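For reference, the structure discussed in these notes is given below.
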Amino acid sequence: MQTAAPLSRPIMAGVVTALVGFTSSFAVVLTGLGAVGASPAQAASGLLAVSLTMGLACVVLAWRYRMPITAAWSTPGAALLAATGVVDGGWSAAVGAFLVAAALILLTALWPALGALIARIPPSIAQAMLAGVLLPLCLAPITGLVANPWGVVPVVVTWLIVARLAPRWAVPLAFVAAAVVVAVSLIQAGAPVDAGLLIPRLELTAPTFTLGALIGVALPLFIVTMASQNVPGIAIMRSFGYEVPWRPAMLVTGIGTALGATAGGHAINLAAISAALAASPDADPDPKRRWVAGVSTGISYLVLGGFSAAFAALVLLAPEAVIPAVAGLALFAAFGSSVQQAIDDPGERIPAVVTFLVAASGISLLGVSAAFWALVAGLVVRTALHAGRHRSRDGG
């Protein structure tokens, strides 16, 4: 009879899941929150909020359903915020948009027709929008090599070497290299670090609601969170033999998003890529025990949340271009996947290209961000092209 693996195995799998998930993309979260108007303290609060809410979501879902269900912050959503910039109404309007996105996630759980409506958006259009949003961020390592070669080269070289040897750890160790660069620059400058920056705290913001923020932030944030996180997350879990309960998962992540919104948390969702770390046989040969990895992931996120202020301080004190380079490297895989899915179907390629270009342009029209107009442009072009084909076939 096969001996059961020690319980420490799924526990460590959960710790690794949280470490990889957190260190790979926290810089993207801070960049996105800062771009839509958060002060450094408010951005640090937002990082703490999503760390706590996704940690609790992991524990609740994994414990209740005895599955290795893991939650994560919306990395594509944070990238969307970084590309959007300050909206009409500033930071408080962005917070209002986070609350609306939470309401839409909850509505998806309570009203299946909304989920069906989102599913009708062609994947090529949704992925092209995401790719366009990610492009400027993914260029940061390249432009950073010119702007600050001494700071960025160690980060990029570390990432490249580790990507060859241990891909899972490429971005976390690139962040470690960035931390070393920051430490060296602080020592050379002899600049003291304010200890108050290292204390985690929640900064609440009263939300306001503006049309530009609702259309330009809330709606695209909801769409990319659903299309790039929740739906793939369900599929990845299914590939390991787990049927995640859709409605409870959306209720938990929707409530978590709502609870974190006024503290600056943009959105939480089901984990996608990192979900495999806790759900695969590597976590535990026995599928019935892998839920322990989900709980361990959640507890680890709660612990990491305690260091959120220190991570935010690191970003604040970093030399020019270093942290954007880390954020860009963290998004390379997501960008490549989005581009591939956007142009995979030759019949959808032109609408996808239009969507991508509009999203990448960064235009803002009527106070609404490029992400929304990219969706509109892509759907209009797709409708026009498909309608033309149908008429040609009918006439022939």
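The values are calculated or read from the model by the stated rules, or taken from the named source; none is laboratory data. These figures come from a predicted structure and were not determined experimentally. All Cβ positions, even for glycine, are placed from backbone atoms using ideal geometry, and neighbour counts span all protein chains on display. Side chains included, ligands, DNA and RNA excluded: accessible areas come from the protein's heavy atoms. Shrake-Rupley method; radii C 1.70, N 1.55, O 1.52, S 1.80 Å.
Just a few scattered comments:
- All Cα pairs of segment 121-168, percent lying beyond 15 Å: 60 percent
- Solvent-accessible surface (1.4 angstrom probe) belonging to Asp194, in square angstrom, nearest 10: 100 Å²
- Kirkwood hydrodynamic radius over Cα pairs of segment 245-330, then Stokes diffusion coefficient at 37 °C and 0.692 mPa s, in µm²/s: 210 µm²/s
- Our analysis of the chain gives Rg over Rh at 0.98, with the two radii drawn from alpha carbon positions and Rh computed by the Kirkwood formula.
- Solvent exposure, largest accessible area first (probe 1.4 Å, DNA, RNA and ligands not counted), of Phe209, Phe356: Phe209, Phe356
- Between the residues Leu47, Ala113, Gly306, the greatest Cα displacement towards the positive end of the dipole of the chain, with unit charges on the Cβ of Lys, Arg, Asp and Glu, is found for Ala113.
- Note on segment 264-396: Rg/Rh from Cα positions, Kirkwood definition for Rh, rounded to two decimals, is 1.12.
- The residues of the chain expose on average 42 square angstrom of accessible surface per residue, using a 1.4 Å probe on protein heavy atoms.
- For segment 4-90, the convex hull spanned by the alpha carbon atoms encloses 100 Å³ per residue.
- Dividing the summed helix terms, -39500 (n - 2.57) for each DSSP H run of n ≥ 4, by the number of residues in the chain produces a 222 nm estimate of -22500 deg cm²/dmol to the nearest 500.
- Accessible area of Val95 (1.4 Å probe, protein heavy atoms only, ligands and nucleic acids ignored): about 0 Å².
- The value for segment 68-157 of Rg(Cα) / (2.2 N^0.38 Å) is 1.44.
- Segment 322-361: Rg to Rh, with Rh as the Kirkwood radius over Cα pairs: 1.10
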